[in-house]
1. Among the listed pairs Lys124/Lys149; Lys53/Lys95; Lys32/Lys149; Lys4/Lys84, give every one whose C-alpha distance is greater than 26 Å.
2. For the chain, what % of the accessible area comes from carbon and sulfur atoms, probe 1.4 Å?
3. At a Förster distance of 30 Å, what's the computed FRET efficiency of Tyr80 paired with Asp44, Cβ-Cβ distance as r, to 0.05?
4. Within a Cβ distance under 14 Å of Tyr80, other residues only, what is the Lys/Arg minus Asp/Glu net charge?
5. So between Ser92 and Tyr106, what do we pick up on full extension, going 0.36 nm a residue minus the alpha carbon distance?
6. Distance between the C-alpha centers of segment 11-63 and segment 86-151? Whole Å please.
7. So how far apart, in nm, are the two label points at Gln68 and Glu130 if each is 7 Å from Cα heading toward Cβ?
8. Quick check on the chain: what are the equivalent-ellipsoid semi-axes from the Cα gyration tensor, as sqrt(5λ), descending, whole Å?
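The values are calculated or read from the model by the stated rules, or taken from the named source; none is laboratory data. Please read all numbers here as calculations on a predicted model, not as lab measurements. Reconstructed Cβ throughout: ideal geometry from the backbone, glycine too, with neighbour counts over all protein chains shown. Ligands, DNA and RNA are excluded from the accessible area calculation, which covers all protein heavy atoms including side chains. Shrake-Rupley method; radii C 1.70, N 1.55, O 1.52, S 1.80 Å.
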Amino acid sequence: HYAKIPAERCFISAGQAVCHIPLTLLNDESLKDTIATLRLELVDNENFRVTMKDSASIDIQISNMPIQPSNWVKDFYGTYGPEKHRFLIEMSGEKWDEEFLNSIYYDYSLRRFWCQKAQRELKKRNDELENEGLPPLAEKDGTIVTFPKWW
């Protein structure tokens, strides 16, 4: 899920406490519905020992799946689901991540605009699906994508 990291880039120089490791992610098809974990870990070498083993590693999650933003408000957008999230991104061109949700949170008119647009676009999408003889937009578990009625 990532390109090999050159060994010469995986070290911390003398007198430094930080290093930057170039990480090139690969857009593998399996990442559409799974999360891969890349663990980076400090290890002993001939000059140094790692003494704080609990703080010597970090996990990086890699996926193409949308992940629920921590500030997702169920009252505004309904129950979170990856397909709903993909739909919102597709219909708006926005990321619908923490930054975007914060930017519209206190602007009632803008939040209402996006909520109403999502409602209209979902109806249009479901009408298109129905015309093709397909079921409405749903999550992988079969839950139909909906938005709260107050929009």
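1. Numbers: Lys124/Lys149 16 Å; Lys53/Lys95 36 Å; Lys32/Lys149 30 Å; Lys4/Lys84 34 Å.
Correct reply: Lys53/Lys95; Lys32/Lys149; Lys4/Lys84.
2. Using a 1.4 Å probe with all protein chains present, the chain comes out at 52 percent carbon and sulfur.
3. 0.10
4. -2
5. Additional length available on full extension: 3.2 nm.
6. Spelled out, the Cα-based centre of one part sits 36 Å from the other.
7. So the two model labels end up 2.9 nm from each other.
8. After scaling each eigenvalue by five and taking roots: 42, 19, 13 Å.
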